[in-house]
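Notes follow the structure.
The values are calculated or read from the model by the stated rules, or taken from the named source; none is laboratory data. For clarity, every value in this text was computed on a predicted model and none was experimentally measured. Counting neighbours? That spans all protein chains shown, and the Cβs are built from the backbone with ideal geometry, glycine included. Ligands, DNA and RNA are stripped out before the accessible areas are found, and what is left, the full protein with its side chains, is counted by its heavy atoms. Shrake-Rupley method; radii C 1.70, N 1.55, O 1.52, S 1.80 Å.
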Amino acid sequence: MLGLPKATETNKPLPKTLVCKQFGLTAQQRDRFDADVSRMTIVNVVSPDVVPALAAGESVKSFYVLAVSLKRKEYDAKNIAMLAKLIPQHLLFALQYEDKIQLAIFQEKLFVSPWHNTTNLPALPLNGLNLDRVWDNIVTSVGNFSIQGENTLKEQIKQDEERAKLQRQIEMLEKRCRQEKQPRRKMELFEELMKLKKELQNGRE
């Protein structure tokens, strides 16, 4: 799957019942999980043992590709985030619904790719001299963002989140400015809006 080396391929089912029991899911969590997930299978294991050209990283010693067959396309992303948090491994999810696949990966938060047809799913390049770097590149590829300057992956995600939060605040203020009728209050909102826009611009420089 994903054009990974054949040596990484495996076929190890991960029973839902085992996950629910091992991690002590509540009845509500089990019901929510079962509503979305049909079955799960570990389809690739990437490690220096099977890809000798890759060295282990300080944080990432290996990662797994977990194929998840979904019961519905509009799944609850909380289920995938829950799996990523519960299973103590680095996981790349290949979410499958009918003839579509979406990649998902959790790093600080859940990132997802667009849906692809199974027949033209892009290959997953293993770019990097060690698995730390490979993992960072996979996260940015799935999340469709880039690491700027000397930022670490974690720092970049935090910065992007802060910018997104500022952008949402700006959009809300713009709407309030348009709706406000009192000149004095409208000016106050406008000044606050300009302050946020300046903060957003400074964060991009």
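Scanning the range 89-106 for residues that are over 8 Å from the mean Cα position of the chain (by Cα), closer than 14 Å to Asp136 by Cα and open to solvent by 20 Å² or more (accessible area, probe 1.4 Å) returns a single hit, His90. Inspect the range 91-105 for any residue being β-branched (Val, Ile, Thr), at pLDDT 95 or above, touching a helix residue (DSSP H, G or I) at 6+ places or on another chain (Cβ under 9 Å) and farther than 29 Å from Leu129 by Cβ and give the result as yes or no. No - not one qualifying residue is present in the range 91-105. Leu91 - would you say it is touching a strand residue (DSSP E or B) at 6+ places or on another chain (Cβ under 7 Å) and more than 15 Å from Val37 (Cβ to Cβ)? No: the conditions fail for Leu91.
Do you know which of the residues in the range 61-77 that are part of a loop (DSSP other than H, G, I, E, B) and touching a residue at least 12 places away in the same chain (Cβ under 8 Å) is least open to solvent (accessible area, probe 1.4 Å)?
Taking the candidates together, the pick is Ser62.
Whenever a residue of the range 16-28 is under 16 Å from Arg39 (Cβ atoms), its partners that are surrounded by 13 or more Cβ atoms within 10 Å (Cβ to Cβ), lying with C-beta atoms within less than 6 angstrom and at least six residues away or across chains, give the pairs Cys20/Arg30.
Among the candidates Arg133, Arg176, Arg168, the residue that is open to solvent by 80 Å² or more (accessible area, probe 1.4 Å), in contact with a helix residue (DSSP H, G or I) (Cβ under 6 Å, 6 or more places away or on another chain) and basic (Lys, Arg) is uniquely Arg176. Screening Ile80 on (1) in a helix (DSSP H, G or I); (2) open to solvent by less than 70 Å² (accessible area, probe 1.4 Å); (3) more than 26 Å from Gln201 (Cβ to Cβ); (4) touching a residue at least 40 places away in the same chain (Cβ under 8 Å) shows it passes everything except condition (4).
Filtered by the rule that a residue be closer than 26 Å to Leu131 by Cβ, open to solvent by 60 Å² or more (accessible area, probe 1.4 Å) and assigned to a helix (DSSP H, G or I), the range 19-60 gives a lone residue, Gln22. Is it true that some residue in the range 10-17 is more than 20 Å from the chain's Cα centre (by Cα), under 16 Å from Tyr75 (Cα atoms), basic (Lys, Arg) and open to solvent by 60 Å² or more (accessible area, probe 1.4 Å)? There is no residue in the range 10-17 that is more than 20 Å from the chain's Cα centre (by Cα), under 16 Å from Tyr75 (Cα atoms), basic (Lys, Arg) and open to solvent by 60 Å² or more (accessible area, probe 1.4 Å).
Within the range 4-54, the only residue that satisfies the criterion of being closer than 25 Å to Ile138 by Cα, among the basic types (Lys, Arg) and in contact with a helix residue (DSSP H, G or I) (Cβ under 8 Å, 6 or more places away or on another chain) is Arg39.
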